[in-house]
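Engineer: Attaching a single structure in structure tokens format; questions to follow.
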Amino acid sequence: MSLKNTIDSYGLISKSFHWIMAFIIIANFILGFFLDDIPVGPYKLLAFGIHKSTGILVLGAIILRIVWKGFNQTPMILSSNRAFVILAKSLHHLFYLMFFVIPVSGWAYSSAAGRAVNFYGLFTLPDLVEKNQEQAKLFDNIHVYSVYFFLGMLVIHIFASLYHHFIQKDKTLRRMWFGNSN
Amino acid sequence: MVRQFKLIKYFLLFFFISTSSFALEKWTIDPKKSSIQFKIDVLLNEDVKGGFQKFSGTVEVDREKFIGNTKIETDADSIFTNYDSNYKDLIRGDSFFDLKHFPKIILVAKNFYINTKDQNTISHVSLTIKGHEKEFDIPLNYIFLKNEHVILNGSFIIHRNDFEIGSGPWSETFILKDEIKVLVNLELDKN
Ligand code: HEM
Ligand code: HEM
């Protein structure tokens, strides 16, 4: 398996980015979802620390992933339907955009609410905006709505890949997985 | 820097010896120029950093005999931290400082001595928070300015569980650590 993508398959680096990030993002989504339910106490502090740090990790990783994508060709979408191809490409690009919007809105929300963002206890990130309750509400809303919008995108994405695999019976899912796709 | 400190110390020593009867001198804290700050480490999150805004006190010392007494009273209600936006009430409530019952934090210094090993001045203090009293030593650094003004600083570590700062679920120390690093910077004027 080559490190780089080819015109009809993903390389090892793109596959690793896809699956490692998918796992981390879904885990952070679940953690985010339960943040409010954790009773006030040290475990809440820990959960918030991990959620925010992991979100920042995703932000860093998405930048590297886009750089890597820039050095690679993107395998062609396996469909003869032009509308589906455009839809699939748009959804993929929108994913990249979402992983700016989601972490940055979370970060801006924390800054506006007067809470510093720390990366796994290693260092403190600068505040993105000044403390301001109204802005905090706005960024909180952006964060929450964008994660649920992302959830909708993910459901479509998963159904699409299962549709390719089981109905179309093409190699879309196999070429994103680690074995031989042919 | 070390040389300068040594010089200052020798100068002070000479000053002590050459001045015949010193008796008790009274110094008062200038709260505007002084600060009491603290820091607690948090696992995988931002450390708790904060301080107290209101405190007052006097230092009475006989510089010749190296005895005296100091009392610093801190208004526990004047506490501020970088976690205030979420935990302001909690910090003031009974699981942390229980301000209703314990509005003051009191530090009393009973005596001073010079550590013969490193020539540092050590103050033996007792600290009372939430009704719990602990005694320990604080190494002090001080610089006299024009003999009417002194800058004094000391840093020390206390353990929050010794004072019940964080009871119930907060008494665990894996996430919110037990150690509180305290940094006291005081500027005092001679009365
Ligand atoms: C992969 C990136 C991220 C994902 C998938 C994610 C997901 C979520 C989810 C699902 C929630 C719960 C929303 C709800 O209340 O229903 C949430 C809340 C929250 N997230 Fe994130 N998040 C991410 C990154 C970040 C970052 C980078 C920060 C801050 C630096 C952050 C800060 C917060 C905060 C403070 C809340 C609580 C909001 C509230 O209580 O209203 N998140 N996140
Ligand atoms: C948080 C979760 C996920 C995110 C953010 C995500 C994002 C992406 C993105 C951005 C691409 C396009 C890569 C590129 O060409 O630049 C992609 C491709 C792909 N994803 Fe996901 N994905 C996630 C989860 C999943 C899951 C759970 C599955 C399978 C059930 C899946 C299956 C695929 C497949 C098969 C492709 C290749 C599409 C093609 O060959 O045209 N993804 N994903």
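Yes/no per residue for (1) touching a Cys at 6+ places or on another chain (Cβ under 8 Å); (2) within 8 Å of ligand 2 (Cβ to nearest atom); (3) in contact (Cβ under 8 Å) with a residue 40 or more places away in the chain:
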{"residue": "A:Phe84", "(1), (2), (3)": "no, no, no"}
{"residue": "A:Ala113", "(1), (2), (3)": "no, no, no"}
{"residue": "A:Gly121", "(1), (2), (3)": "no, no, yes"}
{"residue": "A:Phe150", "(1), (2), (3)": "no, yes, yes"}
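Engineer: Checking A:Leu97 against (1) at the interface with chain B (Cβ under 10 Å from one of its Cβ atoms); (2) free of Cβ contacts under 8 Å to residues at least 24 places away in the same chain: exactly one of these is not met. Which one?
Structural biologist: If we test A:Leu97 against (1) at the interface with chain B (Cβ under 10 Å from one of its Cβ atoms); (2) free of Cβ contacts under 8 Å to residues at least 24 places away in the same chain, just (1) comes out false.
Engineer: Restricting to the stretch A:64-73, and then to whatever is away from ligand 1 (no atom under 16 Å from the Cβ) and in contact with a Ser or Thr (Cβ under 9 Å, 6 or more places away or on another chain), can you tell me which residue is farthest from the other protein chains (Cβ to nearest Cβ)?
Structural biologist: Per the stated criteria, the residue is A:Gln73.
Engineer: Taking the stretch A:5-35 as the search range and keeping residues that are at pLDDT below 95 and away from ligand 2 (no atom under 11 Å from the Cβ), which one is farthest from B:Ile175 (Cα to Cα)?
Structural biologist: A:Ile7
Engineer: Among residues belonging to the stretch A:29-50 that are near ligand 1 (Cβ under 7 Å from one of its atoms) and surrounded by fewer than 20 Cβ atoms within 10 Å (Cβ to Cβ), point out the one that is nearest to the chain's Cα centre (by Cα).
Structural biologist: Among those residues, the one meeting the criterion is A:Phe29.
Engineer: Specify the residue that is nearest to the other protein chains (Cβ to nearest Cβ); the eligible residues are those in the stretch A:38-63 that are in a helix (DSSP H, G or I), more than 16 Å from ligand 2 (Cβ to nearest atom) and among the small types (Gly, Ala, Ser).
Structural biologist: This residue is A:Gly49.
Engineer: Also, quick follow-up: In the set B:Lys100, B:Lys71, which member is more than 14 Å from every other protein chain (Cβ to nearest Cβ), exposed (fewer than 14 other Cβ atoms within 10 Å of the Cβ) and part of a strand (DSSP E or B)?
Structural biologist: The conditions single out B:Lys71.
Engineer: Now for a different question. What is the one condition in (1) surrounded by 13 or more Cβ atoms within 10 Å (Cβ to Cβ); (2) touching a residue at least 40 places away in the same chain (Cβ under 8 Å) that B:Asn147 does not satisfy?
Structural biologist: Among (1) surrounded by 13 or more Cβ atoms within 10 Å (Cβ to Cβ); (2) touching a residue at least 40 places away in the same chain (Cβ under 8 Å), B:Asn147 violates only (1).
Engineer: Additional query: Using beta carbons and a limit of 6 Å, which pairs, at least six apart or on different chains, have the first residue in the stretch B:42-68 and more than 14 Å from chain A (Cβ to nearest Cβ) and the second one part of a loop (DSSP other than H, G, I, E, B)?
Structural biologist: Hits for this filter: B:Glu60/B:Leu24; B:Asp62/B:Phe22; B:Asp62/B:Leu24; B:Arg63/B:Phe22; B:Glu64/B:Phe22.
The values are calculated or read from the model by the stated rules, or taken from the named source; none is laboratory data. What you see is a predicted model; the values in this text were computed from it and never measured. Note: ideal-geometry Cβ built from the backbone for every residue, glycine included; neighbour counts use all protein chains shown.
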